[in-house]
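J.: I'd like to ask some things about the structure below.
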Amino acid sequence: MSGTVAHSIPYTESQLKWNLMMRYYESSDPQFEDRLPYVFQRLRSSNASQNFLLTWTTNIRTVLINIPPDSFSAISSSYDVYSDEHRVNHRFLISCLAAGMVGAMLDVSELEAQRQNAVSYMAIQIITYITPLVNESQRAMIQKEFELKKGFGILLRQASHRRVNIVQRATAVECLEKVLSYTLLVEELTMGEIKELLVACTAYAIRDHQHILDDLKRPENQYMHNSIRYSEGTGKGGYDEPRTLGKTLQIAPVWFSNNQDESLMVCIDALCRRRHVTRQECLEMIQQSPKIIDNLLHIMSREASAGVQEQACDGAAAVILCFLMMLPQYYAISGEIDAEKELEDAMHCNKILFQHPRSLQMLIRARNKAAAVDPVAIAVKTRQQWSARGDEDMLHHALPKLSPNTGRLGICTLRILNNFTLIPDAPAPVFIALLPIAYTACARAPTESDIASSASRGPGPRYTDEYLMQQRQLYEVRLRPAEQSSAYDPLLDRIQLFVAPETIVGPTLLFRLLRKLAATGYTLERLRELKRIPPNTPDIDETPTALVHIHQIVEARTIGKLIRMSVHRRVLRRREMGNKLLSTKPDVARVIYMSAAQLAQAVAYFGTDVPNIIAEGVKENLNSIRTAYQEMVLCLGNACEAYIRMKCWGMAAAMAEHVVETCNHFPPEEAASIGWDIKSSREKNARRLETAKRELRT
């Protein structure tokens, strides 16, 4: 840190002390504005006294804690909304921002972190608290200070250095999350910096809780106890109440788990809030730091510990791995991105993942863990844990992460396993091992009456509405840039990562697996005649139960039912959902259409490559397979329309061209048998293709 030389500051510490400066401020004395920049110069100087540092950081932090979260925006529009004290505090903090407070706090934190004292983490907390409170122009000031002081590097060093105490590391993680969520700093980061962030945060999230308990028991760390908090926001949940060591040790694992989850949300922000991350950049990250994949797989698959809240980050880990393995999305117009190269790099990423010696076993374990979760039982257990800790009301804070976390882990794992079906030369036993997982994921989503019935077993009427909300979120998690952590996001015009609900991803995986098995010689007939599970089948014991399950899945009646359910219910409803959003939210409609098209395509190609399934189901299966082709054409055509409205001409052209080619090769008499006007579909998409090509030429 480049500290300010003492003789360059024309005031002594006594002339800049807090009480004196506040008197100047409250009396509108011009000396306040004159001296305030020198306060922050003094704070960042190498010879500032500990008393001066502690007084200013403590008091600024206290001012922030006592400001209502929405007061900045409210005060700017109406000074009658809040008390005189809040308005005074608001003006004071804005003056501090303009005088260089953020840069000073970064410098103070970097120097004081070496001394392992409270000043360092309070300096970072000041930045953490003020970033979400201020308006866009003031956030731009914060971002500028971060860029000038290389603040990202300062926080990353504190978050990743094992010699820094746990509170300092946790505070640095929290600050990174807020700054990346509420500013455009992420656009200024290099992919090398993001790679280091992924390495540091996944290593942090993989640690167990024992080391923080050991840290807290040391006498010199007494000051850390009141920083171990368990509720969101500032100044709530007893944040500043004196706390005994016993109480701190009770809530520390939950606090640490939430912070681990936050550390991975920082990574999600860094990846999803950029305008585009190429597959080549993802490939280079995992090639240069293979530990990233190791850590993510470990976090996703590890067994739950003391309670669900202490295991909150496995869903976030699944989101990150899903992003890194995602097949390319072409937002840019033609020429900016080499589509073939992108696909090649994406497949290389997935090959690296599945060449990991235990990747499939760990992914299967992660999916089974998510599928086995009973939200009602967990809610009851969590309530019992908090009651035993003397904090029954904390269930209100414990519940919100249960179902969203389980949903993220479950569907992102299914999405990754779908990619495995695209890997050439994969051994058939692996596909057999995945059949039960895919089939289980084909179950229908619970109805409102199902959810209400299960909620009656939950933690009581006080929490029923919240529980119902979390249950609904379990089956459809839409991931938009930084949606989990930021209400302010100027980049929401593009969805960077979308994972369809389990009811779509599950059957898509099942039909892809059955098609791959048929291509490797494991036809439906052969699977039905299996006497034992093939050797080298991961994580499936050679037991009658497992074999019976395989036989049940490939029964003709079961397969026919799944085909009809997928085509006539799920794909159709998905397309109708996209139709409702096409005119107002084309980017959301686009990803909905694409997920429906993938399921329709999986059914259609399965029916074509495994023709005996048509004979087994006679007319019902035959018409359903033909309807699957029709739905694929309709969904891809509508996705093309969405791309046109988004002015993504390259992708629109690719979609339209694929649809026209499909229509040209589909027998007209088969289309007529299900009432499909295939000529109209072909002509409509030919016009879309011409529009896209014309725009590409201009």
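The values are calculated or read from the model by the stated rules, or taken from the named source; none is laboratory data. Keep in mind the model is a prediction, meaning the values are calculated, not measured. Note: ideal-geometry Cβ built from the backbone for every residue, glycine included; neighbour counts use all protein chains shown. SASA here: full protein model, heavy atoms, side chains in, ligands and nucleic acids out. Shrake-Rupley method; radii C 1.70, N 1.55, O 1.52, S 1.80 Å.
J.: Give me the residue from region 643-659 that is modelled with pLDDT of 90 or more and surrounded by fewer than 21 Cβ atoms within 10 Å (Cβ to Cβ) and, out of that set, nearest to Leu689 (Cα to Cα).
T.: Going through the qualifying residues, I end up with Glu657.
J.: Still on this model: Can you name the residue in region 563-597 that is under 27 Å from Leu524 (Cα atoms) and crowded, with 20+ Cβ neighbours inside 10 Å and is also nearest to the chain's Cα centre (by Cα) among such residues?
T.: Among those that are under 27 Å from Leu524 (Cα atoms) and crowded, with 20+ Cβ neighbours inside 10 Å, it is Ser595.
J.: Here is a follow-up. Looking only at region 578-622, count how many residues are within 23 Å of Ile559 (Cβ to Cβ), in a helix (DSSP H, G or I) and at pLDDT below 90.
T.: The total comes to 14.
J.: Using beta carbons and a limit of 8 Å, which pairs, at least six apart or on different chains, have the first residue in region 666-691 and under 20 Å from Tyr605 (Cα atoms) and assigned to a helix (DSSP H, G or I) and the second one at pLDDT below 95 and among the charged types (D, E, K, R)?
T.: Glu670/Arg626; Ala671/Arg626; Ser673/Arg626
J.: Run Val633 past the list (1) touching a Gly at 6+ places or on another chain (Cβ under 8 Å); (2) open to solvent by less than 10 Å² (accessible area, probe 1.4 Å) and report the number of the one that doesn't hold.
T.: It fails just one condition, (1).
J.: For Asp214, state whether it is farther than 27 Å from Phe152 by Cβ, in a helix (DSSP H, G or I) and either at pLDDT 75 or above or open to solvent by less than 30 Å² (accessible area, probe 1.4 Å) (or both).
T.: Against the criterion (farther than 27 Å from Phe152 by Cβ, in a helix (DSSP H, G or I) and either at pLDDT 75 or above or open to solvent by less than 30 Å² (accessible area, probe 1.4 Å) (or both)), Asp214 qualifies.
J.: For Asp338, state whether it is more than 23 Å from Val591 (Cβ to Cβ), open to solvent by 40 Å² or more (accessible area, probe 1.4 Å) and modelled with pLDDT under 70.
T.: In short, no.
J.: Only one of (1) more than 24 Å from Asn418 (Cβ to Cβ); (2) outside any helix (DSSP H, G or I) is not met by Thr537, so which one is it?
T.: Thr537 satisfies all of (1) more than 24 Å from Asn418 (Cβ to Cβ); (2) outside any helix (DSSP H, G or I) except (1).
J.: Looking at this structure, is Leu402 modelled with pLDDT of 85 or more and buried (at least 19 other Cβ atoms within 10 Å of the Cβ)?
T.: The answer is no for Leu402.
J.: Looking at region 353-367 only, could you name the residues that are farther than 19 Å from Leu422 by Cα and open to solvent by 20 Å² or more (accessible area, probe 1.4 Å)?
T.: The one that is farther than 19 Å from Leu422 by Cα and open to solvent by 20 Å² or more (accessible area, probe 1.4 Å): Arg365.
J.: I'm trying to understand the selection: among the residues of region 41-65, which are part of a helix (DSSP H, G or I), open to solvent by less than 30 Å² (accessible area, probe 1.4 Å) and either among the basic types (Lys, Arg) or free of Cβ contacts under 8 Å to residues at least 60 places away in the same chain (or both)?
T.: Hits for region 41-65 are Arg42, Phe52, Trp56, Arg61, Val63.
J.: Another question about this same structure. Report, by residue number, each residue of region 28-40 that is touching a residue at least 12 places away in the same chain (Cβ under 8 Å) and farther than 10 Å from Asp107 by Cβ.
T.: The answer is Phe32, Glu33, Arg35, Leu36, Pro37, Tyr38, Val39.
J.: Here is a follow-up. Of everything in region 120-145, what is under 24 Å from the mean Cα position of the chain (by Cα), buried (at least 23 other Cβ atoms within 10 Å of the Cβ) and either more than 24 Å from Met224 (Cα to Cα) or among the aromatic types (Phe, Trp, Tyr) (or both)? Give them in sequence order.
T.: Residue satisfying the conditions is Tyr129 alone.
J.: Any residue that is assigned to a loop (DSSP other than H, G, I, E, B) and out of contact with any strand residue (DSSP E or B) (no Cβ under 7 Å at 6 or more places or on another chain) - is there at least one of those in region 190-202?
T.: Scanning region 190-202, I find at least one residue that is assigned to a loop (DSSP other than H, G, I, E, B) and out of contact with any strand residue (DSSP E or B) (no Cβ under 7 Å at 6 or more places or on another chain), so the answer is yes.
J.: Restricting to region 11-28, and then to whatever is assigned to a helix (DSSP H, G or I) and of a type outside the set (Phe, Trp, Tyr), can you tell me which residue is least open to solvent (accessible area, probe 1.4 Å)?
T.: The residue in question is Met21.
J.: Given the criterion among the charged types (D, E, K, R) and at pLDDT 60 or above, identify the matching residue among Arg365, Arg462, Arg457.
T.: None of the others qualify; the one that does is Arg365.
J.: Now, a different point. Take the residues of region 100-119 that are in a helix (DSSP H, G or I), modelled with pLDDT of 90 or more and touching a Lys or Arg at 6+ places or on another chain (Cβ under 9 Å): which is surrounded by the fewest Cβ atoms within 10 Å (Cβ to Cβ)?
T.: Gly103
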